[in-house]
1. Evaluate the distance, in nm, between pseudo-label points positioned 7 Å from the Cα of Thr94 and of Phe14 along their respective Cα→Cβ axes.
2. Find how much the distance from Ile65 to Arg175 grows on full extension, using 0.36 nm per residue of separation minus their present alpha carbon separation; answer in nm with one decimal.
3. Could you tell me the distance between the Cα centroids of region 1-71 and region 140-176, to the nearest Å?
4. Could you check the spin-label model distance between Leu163 and Tyr34? Points 7 Å from the Cα along Cα→Cβ, value in nm.
5. For region 97-108, what does the Karplus curve 6.51 cos²θ - 1.76 cosθ + 1.60, with θ = phi - 60°, yield as ³J(HN,Hα) per residue in whole Hz, taken in order and with x for Gly and Pro?
6. Between Leu75 and Leu102, how high is the FRET efficiency from 1/(1 + (r/R0)^6) when r is the Cβ-Cβ distance and R₀ = 22 Å? Nearest 0.05.
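Every number here is computed from the coordinates shown, using simple stated rules; none is lab data. Given the structure is predicted, the values throughout are model-derived calculations rather than measurements. For neighbour counting, all protein chains shown are included, and Cβ atoms are generated from backbone atoms with ideal geometry for every residue, glycine included.
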Amino acid sequence: MDLPGLIHDFLLFFLGLGLILGGLGVVLLSNPIYSAFSLGWVLVCISLFYILSNSYFVAAAQLLIYVGAINVLILFAVMFMNGSEYYKDLNLWTVGNGMTSLVCTSIFFSLITIIPDTSWYGIIWTTKTNQIIEQDLINNGQQIGIHLSTDFFLPFEFISIILLVALIGAIAVARQ
């Protein structure tokens, strides 16, 4: 979207603020349904970020796949959980909590070291290239596939690992 600089910065600021507040809502809200709605808000904000960077295909895929399918699935799973059983055995600290804390802390520190080393110029160049190629949908899809398998391979695999951990966590919660 070609907006004037001040409006673009204003929208980026409020989308970033919405993203941070939604992420805090996912983590800090005690009601799992409110956390799932906060996750939906975070995913919508990410999709709006894609729209601001002129990546309309990725924004549509984000809305359809993550908000439309995965977040609705999470909401259904949370609504089918028995709330009284969920809060019945409330232990303060377990071995699983320690392992989760260790994994999350290591992911956080790896992100802190990866983000400054990322070439942000390449990402801006990619969105400009997507604007040029946007007329031909096949070439656009090929460009996305090429960039996901070359330039953005590490973040793509990192997200798949995070989704795998979330799936294992959901299975562990459902098994109890």
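1. 4.3 nm
2. 37.0 nm
3. Taking the Cα centre of each part, region 1-71 and region 140-176 sit 18 Å apart.
4. 2.9 nm
5. Once θ is set to phi - 60°, the couplings for region 97-108 become 5, x, 5, 4, 4, 5, 5, 5, 5, 5, 5, 4 Hz.
6. With a Förster radius of 22 Å, E is 0.15.
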